[in-house]
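One structure is given below, encoded as structure tokens.
The values are calculated or read from the model by the stated rules, or taken from the named source; none is laboratory data. Small disclaimer: the values here were computed from a predicted structure and weren't measured. Glycine also receives a Cβ, built like all others from the backbone with ideal geometry; neighbour counts cover every protein chain displayed. Just so you know, the surface numbers come from the protein's heavy atoms only, side chains and all, with ligands and any DNA or RNA stripped out. Shrake-Rupley method; radii C 1.70, N 1.55, O 1.52, S 1.80 Å.
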Amino acid sequence: MKHKIIVTGGLGFIGSHVVVELQNEGFEVVIIDDLSNSSVAVLDGIYAITGQMPIFEKLDLREKTNVVDFFKRHHDVVGVIHFAASKAVGESVNRPLLYYENNLNSLIYILQALYKKDRANFIFSSSCTVYGQADKLPITELAAIKNAESPYGNTKQIGEEIISDTCKVSDNLKAIALRYFNPIGAHESAKIGELPIGTPQNLVPFITQTGVGIRQELSVFGNDYPTEDGTCVRDYIHVVDLAKAHVAALKRLINDDNSTNYEVFNIGTGKGSSVLEVINAFEEVSNQKLNYKIVERRQGDVVAAYADTTKANDILGWSAKLNLKDALSSAWKWEQVINKK
Ligand code: WQD
């Protein structure tokens, strides 16, 4: 009997890669997605990789009745992995209520549904953005949670608090929050990957679109930071490694009767790379020069962030296996497939 796992936002970039790894591990997957920032065609990509077509329901999780009805119909669910959220940092500054409504109401309604069950496992998609500029590097899970730089980041902080407070008063709900560093890359098959809508806000999709000729030139947001080459440092983790961390976390929730019923883990490679190092690595894997220029800093950027992954290594038995070039190669292969270079 396969364990049934609900993946909200399962047609998104990270969600779709997690669905593949769940299916590879023998889980039955039901995807909920509202298609506001994804395409139903991603189902075909998942099927092409695993040969298993996930059950898919188009649902707006901001409507409480949708959530109540869904969990009545899927009363045999064993776990929920919750990705569904708005995630554009810049947009959240201009549209805070959209972010608080979408990201928090959906979370609350799902927790209310799980709270009634006699056993429920919940994994929350959180972000290293909760740390802001950490005082010490690498960043451990004990690092201070700083005032969020954006409503998006605030919804992750508040979301973690909602889950923590709920688990404190629930005997049957167990939860893990995974704080992602910078997810990049694509499945090696190039059947699924990142599908940014409009101009990419994140570095790597902008690089690959510049490489394939969609964008004329990459703007590097500042080279006057106190880092080795003056550009910001991030922990770029291959999305497949990140996806496997979700399976490891789910197995911990299902199998380990661990003491606390709410845990937090940093999910990164543990290695920092500067913007210029990413550009150089991309030029090597794509065997072409990248067109870029240095411009002024982007507001809200932290100087450096990379993970101390000891806790995930020791408790989840998980560590990243793929490196920056592996991730950039997969991102480049994907970009060429979707833009038929
Ligand atoms: C990385 C570096 C930029 C674009 C964001 C969110 C975070 C998470 C991951 C959701 C920075 C530089 C970027 C460009 C550039 N998202 N850059 N030119 O900002 O670390 O994190 O995405 O959870 O919450 O904040 O990632 O890829 O935007 O930027 O120079 O065109 O690349 O300044 O130093 P970031 P990013």
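Structural remarks
- Simple Cβ-charge dipole of the chain, Lys/Arg +1 and Asp/Glu -1, about Cα centre, in debye nearest 20: 460 debye
- Here is the P(r) of the chain: all C-alpha pair distances, binned every 10 Å from 0, give 5, 26, 36, 24, 7, 1 in whole percents.
- Shape class for region 82-185, computed from the alpha carbon gyration tensor (a ≥ b ≥ c): oblate, with a/c not under 1.5 and a/b at or below b/c.
- Nonpolar atom fraction for the chain, defined as the carbon and sulfur part of the 1.4 Å probe accessible area, stands at 49 percent.
- Peptides 236-244, 282-290 ordered by average Cβ neighbours within 10 Å, highest first: 236-244, 282-290
- With DNA, RNA and ligands ignored, accessible area of residue 156 (1.4 Å probe; Å², nearest 10): 10 Å²
- Residues whose placed amide H lies under 5 Å from that of residue 7, excluding near-sequence neighbours: 30, 31, 32, 81
- Residue 310 versus residue 133: modelled label distance in nm, points set 7 Å from Cα along the beta carbon direction: 2.5 nm
- Stretchable slack from residue 147 to residue 216, in nm (0.36 nm times residue separation minus alpha-carbon distance): 21.3 nm
- The chain - mean residue ellipticity at 222 nm from DSSP helices (-39,500 (n - 2.57) per run, n ≥ 4, rounded to 500): -11000 deg cm²/dmol
- Taking 7 Å steps out from each Cα toward its Cβ at residue 299 and residue 48 produces label points 4.1 nm apart.
- The alpha-carbon positions of region 142-228 define a convex hull whose volume is 204 Å³ per residue.
- Pair residue 117, residue 338: separation of 7 Å Cα→Cβ label points (nm): 3.1 nm
- Using the 1.4 Å probe convention, the accessible area of the chain works out to 45 Å² per residue with neighbouring protein chains retained.
- Each peptide in 100-110, 121-131 gets a packing score, the mean of other Cβ atoms within 10 Å over its residues, and the list from highest to lowest is 121-131, 100-110.
- Accessible heavy-atom area order of 220, 233, highest first, probe of 1.4 Å: 233, 220
- Overall form of region 1-89 per C-alpha gyration tensor (a/c, 1.5; a/b vs b/c): oblate
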